[in-house]
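The values are calculated or read from the model by the stated rules, or taken from the named source; none is laboratory data. The structure displayed is predicted, hence computed values, not measured ones. Cβ atoms come from the backbone with ideal geometry, glycine included; neighbour counts cover every protein chain shown. Ligands, DNA and RNA are excluded from the accessible area calculation, which covers all protein heavy atoms including side chains. Shrake-Rupley method; radii C 1.70, N 1.55, O 1.52, S 1.80 Å.
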Amino acid sequence: MFRLLLTRVSGSVTRRRALGADTQRWLNSARSRYHTGNSVVGAPVRGVGVAGAYHSLRSALSWRLQAEFRRGASSSAFAPLDLFYKRHTGSGNPEANEKMLQVLGVKSIEELMDQTIPKSIRTTRKLSVGPKRAESEVLAELRQIAKQNELRRNFIGCGYYGTIMPPVIQRNILENPAWYTQYTPYQAEVAQGRLESLLNFQTMVGDLTGLPIANASLLDEGTAAAEAMSMCAAVSKRKKLRFFVDKDVHPQTIAVMKVRAEPMDIELVVDNWQQVQWDGADLCGALVQYPATDGTIHDYTSFVENAHAHGTRVVVASDLLALTMLRPPGEWGADIAVGSAQRFGVPMGYGGPSAAFFACRDDLKRLMPGRIIGISRDAQGKPALRMALQTREQHIRRDKATSNVCTAQALLANISAMYGLYHGPDGLRAIANRVQRFARTFAAAVGVGVSEKAAIFDTVRIDYPTTEAAQAVLARCDAAKLNVRSLGPRSISVSFDETHTRDDLQELVSAFRGPQRPCSGEELEQIAASLPPSGFGGLEPNLAQAFERTTAYMTHPVFHEYRTEHKMLRYIHQLAAKDLSLVHSMIPLGSCTMKLNATSEMIPVSWPEFSLPHPFTPPEQLRGYQRLFADLERDLADITGFAAVSLQPNSGAQGEYAGLMTFLAYHKARGQHQRKVCIVPTSAHGTNPASAKMAGMRIIPVGTDAQGNIDIAELRARAEQHRDQLAAAMITYPSTHGVFEEGIKEICDIIHTNGGLVYIDGANLNAQMGLTSPAEIGGDACHLNLHKTLTIPHGGGGPGVGAIAVTEALAPFLPSHPVRPVASAHPDTAIGPIAAAPYGSASILPIVWMFVKMMGSDGLREASEQAILNANYMAARLSPAYPILYRGKHGRCAHEFILDLRPFKLSAGVTESDVAKRLQDYGFHSPTMSWPVAGTLMIEPTESESIDELDRFCDAMLMIREEIRQIEQGRWDPQHNPLKYAPHTAEVVSADTWDRPYPREIGAFPASWLYARGKFWPRTSRIDDVYGDRNLVCSCPPVPEMMHPSTTGSAARSGTDEGRVRTAVASS
């Protein structure tokens, strides 16, 4: 059969062309690899069916022929000139590289690579991604792929809805690098803008849910519900954990929760909420959907009362737009509310990304997963925003974390917050009224199978007496290119949103009625006019009282201020101006890879073919997406050296979790259920032990030696001690200490010898592309932070994608999805979904596709080489002033390095925080602070920065070293100096009173380039973290509180601003 497939593929693709020698060899290799049972195109062919294998092989062969054509055309006199790699690699010109190589004392980049990367893991295999290509060429190809996505009118619902993103938000946030290139706001002094927007998001969510505290977003509704389940389990005192889920919760949410519950030993009970027998139920928590997945709205008041009477926490999955009309969960006793903010201005994007919300009662706040924005005060006593309760986060708590959530969906939460501001509470209620009017008009027009007494918001369920009747309706909808949802053999549901028009409704009603009873627009207008007013006033009084919202929401002035586009535009830019992003300067955060997010990569994200599809659209309508996924799975497998890839995990931590769950499934399939021990070096990423804990593993820590390398002797002893229970080891490579450890192959061999598998954390893949790979190192799986190495922007704290790559032995266990199975997954052996959507954050995957295709095989390798060169050059420049904590065997670092600032605390009383904040005065974002080693700064320049920018940062650090020397030599007071007072705001520097023992210019303009380039002013002085955690405020405060005067800033000014101006004019 396989030979027949190869013959058909090669014949169909090459009918008009002769095969090149390389492609002919590939075909011969494919035949031989089939006979050994290996994969042909990066994923096993067996198990996907004949049709799937045929299309996969056809795609692979087509790609190889295109690559042949491009190689032949590259020497053409008419070849395009806009090759991308030259724009991406900041110092990738001979003169700059020659200067850096001279500083390092090597003659070539190849010599530097030999000194940096152990010979035992250097690859001899060239990547097969293809040649370097032009931006215009690759954009044109992707446009043709996008056209293969058929955009039908969508009425599927099930937690995903059409929405209209206001153009002012699309152009000025989604498509604005000042917003999408920001990092997570750990350095709050240069992040006040996005912190304010995220506080708006939290306030909006808290108001709509009726709960006192909300976080700044989670990944999706399914994982938010799973986090709520974990939270209920954490506060429960029961020995046996049981959690109830109503059967009418969205199916993808139930599926994600099942995957999460099993390793945590939580028994998931899925049943009808009305039939719970509370006596003896012994539930730690319960989840209901409001409205239910089929659109029904229930009164859960008695359910909550019974739950609380039996010590059970209640979680409600809801819809923010519905909550503008419905009585909020907090009012009828819910402990936690979760859901998706997607329909608040974020297109469905074939499943993501979009922001989930999570709100809870006050007594649960310190167990809440994700990030919380809170209000503290700065050194001047002024209100200032920061991420509150950061000690909850997994990279600090490690295996004691309550969650492995690392990234959030900050960019999407900001879009949803701005959507709320743009429309305000009245506008949101008007949208909700219109959506409900569509649903009620449809229900009245169709009539048959619809309950007249049911309370509905946006979704209508239609039950037919026979399967034949329901199938006939589905066939008519398909013929009219209308996507609806089948709830079973005899039931259909349709959901409405703000994008629908009267014409859409008319065609939908006509399809449901059939050709004998068509619908007209006039009829719909008459039906709508005859309906009761919007809301639930038409129901029986007791139901209306149970459902109708009477409490005000979004009452803060911020939700009433920005109705005109001018005001909204200016507010967006006022917030962006408070934040330091890649539009200002390099962001040298170690382990974060803040590289270029090219405009050409971002353009396709806004294309409707990628942004509009519903995640449960039949795949045959979205062949463009299927081609994109197949290309990416193949290319990422090539880059990592593995056999198969899953694109589903929507964060790096989720990728870790998916990889470990795949390991456990593999062990179980071999009858080794007892393998649950995971060895995690103390040098590993903090998410690693948190993910292992979530996977139900027992964590065994292993230390490091004096050089920062994993202690191999200790690792061997631990592996042998637990050889019968050993499931995995999690290794970050290059290490978080910034070196390529020489013993990595020996480490992998030790784990394999003792029955375990090796998980390579892909956070540092940017140092590996084309030089080595996780597979060649000896790993069995890795995740790829596509928001790091492969240029998806960080977005101020999300979105992200944590795709995982695995060996062929593990491929059968990669995650699938119960609603729309993943095309490359193995239906009989795959684990359940890790994310709510089959392909996770699908709409940002075109960014990765663009980057990989434009860079090509050589460009990807050169990117890693340049990143290593840049890091070593900076380390060489800074090493005379600052100790480099760890180096490799030949004195080299990888793509990042650690500066040890601990000696300065002894010599001058200067801490790593002082240096980090002082860098902000020089116009730079602080490096990674006190991680992975306390008292240090970790610096990663990436390949995208020019030598000028590298030198400017090094100059700033060297100037700060001289400032420290001033303290050491007694010229500056140890407590009253620019480092201790950093950062310096414009308000402080321009105040009438200046009582500091150094000139204002030293504080604010310590380097001459700040005049020439323009000064980025931090908007707040150093923030008091302890005060913020002790006085937790996580929603918009009353306006007078935000106008609190400073003690040395505006309050110290003499007279009013008007008076000062008059005085200045008179003096002049």
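Can you tell me which residue is farthest from residue 384 (Cα to Cα) among those in region 1014-1058 that are of a type in the set (Val, Ile, Thr) and at pLDDT 75 or above? Steps first, answer last, please.
The initial filter retains those residues of region 1014-1058 that are of a type in the set (Val, Ile, Thr), namely 1020, 1023, 1026, 1033, 1039, 1047-1048, 1056.
Then drop every residue that is not at pLDDT 75 or above, which leaves 1020, 1023, 1026, 1033.
Numbers: 1020: 7, 1023: 7, 1026: 13, 1033: 11 Å.
Step by step, filter region 1014-1058, then rank; the result is 1026.
Looking at region 507-548, which of its residues are at pLDDT 90 or above, open to solvent by 40 Å² or more (accessible area, probe 1.4 Å) and of a type outside the set (A, V, I, L, M)?
Step one: of region 507-548, the residues at pLDDT 90 or above are 507-530, 547-548.
Filter again for open to solvent by 40 Å² or more (accessible area, probe 1.4 Å), leaving 507, 515-518, 520, 522-523, 525-526, 529-530, 548.
Listed by number, the residues that qualify are 507, 515, 516, 517, 518, 520, 522, 523, 525, 526, 530, 548.
Counting only residues that are over 35 Å from the mean Cα position of the chain (by Cα) and in contact (Cβ under 8 Å) with a residue 12 or more places away in the chain, which one in region 892-909 is nearest to residue 116 (Cα to Cα)? Don't jump to the end; show me each part of the working.
Taking region 892-909 as the starting set, the residues that turn out to be over 35 Å from the mean Cα position of the chain (by Cα) are 903-909.
When the remaining residues are screened for being in contact (Cβ under 8 Å) with a residue 12 or more places away in the chain, the result is 903-905, 907-909.
Values: 903: 27, 904: 29, 905: 31, 907: 33, 908: 34, 909: 35 Å.
So, considering only residues that are over 35 Å from the mean Cα position of the chain (by Cα) and in contact (Cβ under 8 Å) with a residue 12 or more places away in the chain, the one nearest to residue 116 (Cα to Cα) is 903.
Just the residues that are under 14 Å from residue 457 (Cβ atoms) and not in a loop (DSSP other than H, G, I, E, B), please, taken from region 322-344.
322, 323, 324, 326, 339
Open to solvent by 10 Å² or more (accessible area, probe 1.4 Å), out of contact with any helix residue (DSSP H, G or I) (no Cβ under 9 Å at 6 or more places or on another chain), of a type outside the set (Lys, Arg) and touching a residue at least 12 places away in the same chain (Cβ under 8 Å): does that describe residue 827? Before the answer, list the steps.
Values: open to solvent by 10 Å² or more (accessible area, probe 1.4 Å): yes; out of contact with any helix residue (DSSP H, G or I) (no Cβ under 9 Å at 6 or more places or on another chain): yes; of a type outside the set (Lys, Arg): yes; touching a residue at least 12 places away in the same chain (Cβ under 8 Å): yes.
Here the answer is yes, as residue 827 does meet what is asked.
Touching a Ser or Thr at 6+ places or on another chain (Cβ under 9 Å), closer than 17 Å to residue 965 by Cβ and among the aliphatic types (A, V, I, L, M), is that true of residue 910? Steps first, please.
Numbers: touching a Ser or Thr at 6+ places or on another chain (Cβ under 9 Å): no; closer than 17 Å to residue 965 by Cβ: yes; among the aliphatic types (A, V, I, L, M): yes.
Criteria not met by residue 910.
So which residues in region 478-490 are open to solvent by 10 Å² or more (accessible area, probe 1.4 Å) and in contact (Cβ under 8 Å) with a residue 40 or more places away in the chain? Don't jump to the end; show me each part of the working.
Let us first name the residues in region 478-490 that are open to solvent by 10 Å² or more (accessible area, probe 1.4 Å), namely 478-481, 483-490.
Within region 478-490, 481, 483, 484, 485, 487 qualify.
For region 76-126, which fully contained helices (runs of 4 or more DSSP H) count at least 3 residues that are within 35 Å of the chain's Cα centre (by Cα), on the phi < 0 side of the Ramachandran plot and surrounded by 17 or more Cβ atoms within 10 Å (Cβ to Cβ)? Even if it seems obvious, please write down each step before you answer.
Details: elements: 85-88, 94-104, 109-116.
By residue number, 94-104, 109-116.
Taking helices (runs of 4 or more DSSP H) that do not extend beyond region 598-665, which have at least 3 residues that are charged (D, E, K, R)?
On the way: elements: 599-602, 608-611, 623-640.
Output list reads 623-640.
For region 501-551, which fully contained helices (runs of 4 or more DSSP H) count at least 1 residues that are closer than 16 Å to residue 474 by Cα and within 41 Å of the chain's Cα centre (by Cα)? Please lay out each step first, then the result.
Working: elements: 502-513, 521-530, 541-547.
Counting at least 1 such residues, we get 502-513.
What are the residues in region 622-645 that are open to solvent by 10 Å² or more (accessible area, probe 1.4 Å) and either small (Gly, Ala, Ser) or farther than 21 Å from residue 850 by Cβ (or both), if any? Show your work before the answer.
Applying the first criterion (open to solvent by 10 Å² or more (accessible area, probe 1.4 Å)) to region 622-645 yields 623, 626-627, 630, 633-634, 638, 641-643.
Within region 622-645, 630, 641, 642, 643 meet the criteria.
Which one of the conditions (1) small (Gly, Ala, Ser); (2) modelled with pLDDT under 95; (3) in a strand (DSSP E or B) does residue 798 fail to meet, given that it meets all the rest?
Single failed check for residue 798: (3).
Within region 147-155, is there a residue that is free of Cβ contacts under 8 Å to residues at least 40 places away in the same chain and open to solvent by less than 60 Å² (accessible area, probe 1.4 Å)?
Looking for residues that are free of Cβ contacts under 8 Å to residues at least 40 places away in the same chain and open to solvent by less than 60 Å² (accessible area, probe 1.4 Å), one finds none in region 147-155, hence no.
For residue 702, all conditions in the list (1) under 27 Å from residue 897 (Cα atoms); (2) open to solvent by 10 Å² or more (accessible area, probe 1.4 Å); (3) free of Cβ contacts under 8 Å to residues at least 24 places away in the same chain hold save one; what is the number of the exception?
(2)
Filter region 850-891 down to residues that are of a type in the set (Phe, Trp, Tyr), part of a helix (DSSP H, G or I) and more than 28 Å from the chain's Cα centre (by Cα), then give me how many there are.
Taking region 850-891 as the starting set, the residues that turn out to be of a type in the set (Phe, Trp, Tyr) are 851, 873, 882, 886.
Among the residues that remain, those that are also part of a helix (DSSP H, G or I) are: 851, 873.
Then drop every residue that is not more than 28 Å from the chain's Cα centre (by Cα), which leaves 873.
Residues flagged as of a type in the set (Phe, Trp, Tyr), part of a helix (DSSP H, G or I) and more than 28 Å from the chain's Cα centre (by Cα) within region 850-891 amount to 1.
Return yes or no: is residue 731 assigned to a helix (DSSP H, G or I) and either out of contact with any Gly (no Cβ under 7 Å at 6 or more places or on another chain) or open to solvent by less than 10 Å² (accessible area, probe 1.4 Å) (or both)? Break it down into steps so the answer makes sense when it comes.
Details: assigned to a helix (DSSP H, G or I): no; either out of contact with any Gly (no Cβ under 7 Å at 6 or more places or on another chain) or open to solvent by less than 10 Å² (accessible area, probe 1.4 Å) (or both): yes.
Judged against the criteria, residue 731 is not a match.
Please tell me if residue 912 is touching a strand residue (DSSP E or B) at 6+ places or on another chain (Cβ under 6 Å) and open to solvent by 30 Å² or more (accessible area, probe 1.4 Å). Before you say what the answer is, go through the steps one by one.
Details: touching a strand residue (DSSP E or B) at 6+ places or on another chain (Cβ under 6 Å): yes; open to solvent by 30 Å² or more (accessible area, probe 1.4 Å): yes.
In short, yes.
Can you name the number of the only condition in (1) without any contact (Cβ under 8 Å) to a residue 40 or more places away in the chain; (2) open to solvent by 10 Å² or more (accessible area, probe 1.4 Å) that residue 261 fails?
(2)
Can residue 242 be described as modelled with pLDDT under 95, open to solvent by 30 Å² or more (accessible area, probe 1.4 Å) and more than 30 Å from residue 535 (Cα to Cα)? Step through it out loud before you land on a result.
Details: modelled with pLDDT under 95: no; open to solvent by 30 Å² or more (accessible area, probe 1.4 Å): yes; more than 30 Å from residue 535 (Cα to Cα): yes.
When the stated conditions are applied, residue 242 does not pass them.
Output yes when any residue across region 912-923 is modelled with pLDDT of 95 or more and within 30 Å of residue 744 (Cα to Cα), and no when none is. Please lay out each step first, then the result.
At the first step, the residues of region 912-923 found to be modelled with pLDDT of 95 or more are 912-923.
Now drop any that are not within 30 Å of residue 744 (Cα to Cα), which leaves none.
Checking region 912-923: not a single residue is modelled with pLDDT of 95 or more and within 30 Å of residue 744 (Cα to Cα).
Table: residues versus (1) open to solvent by 30 Å² or more (accessible area, probe 1.4 Å); (2) within 30 Å of residue 557 (Cα to Cα); (3) of a type in the set (A, V, I, L, M); (4) not in a strand (DSSP E or B).
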{"position": "420", "(1), (2), (3), (4)": "no, yes, no, yes"}
{"position": "424", "(1), (2), (3), (4)": "no, yes, no, yes"}
{"position": "435", "(1), (2), (3), (4)": "no, yes, yes, yes"}
{"position": "461", "(1), (2), (3), (4)": "yes, no, no, no"}
{"position": "493", "(1), (2), (3), (4)": "no, no, no, no"}
{"position": "497", "(1), (2), (3), (4)": "no, yes, no, yes"}
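May I ask you to list the residues in region 166-213 that are open to solvent by 20 Å² or more (accessible area, probe 1.4 Å) and assigned to a loop (DSSP other than H, G, I, E, B)?
Once the filter is applied, which keeps residues that are open to solvent by 20 Å² or more (accessible area, probe 1.4 Å) and assigned to a loop (DSSP other than H, G, I, E, B), region 166-213 yields 175, 176, 183, 186, 210, 212.
Residues to consider are 770, 755, 686; find the one that is open to solvent by less than 10 Å² (accessible area, probe 1.4 Å) and assigned by the TED database to the domain that holds residue 635.
On the way: 770 fails: open to solvent by less than 10 Å² (accessible area, probe 1.4 Å); 755 fails: open to solvent by less than 10 Å² (accessible area, probe 1.4 Å).
Checking each option against the conditions leaves just 686.
Are any residues in region 487-500 over 15 Å from residue 477 (Cβ atoms) and among the hydroxyl-bearing types (Ser, Thr, Tyr), and if so, which ones?
The answer is 499, and nothing else.
Residue 666 versus (1) at pLDDT 95 or above; (2) open to solvent by less than 10 Å² (accessible area, probe 1.4 Å); (3) under 30 Å from residue 709 (Cα atoms): which is the lone unmet condition?
(2)
Considering 219, 195, 208, which residue is touching a residue at least 60 places away in the same chain (Cβ under 8 Å) and more than 19 Å from residue 405 (Cα to Cα)?
208
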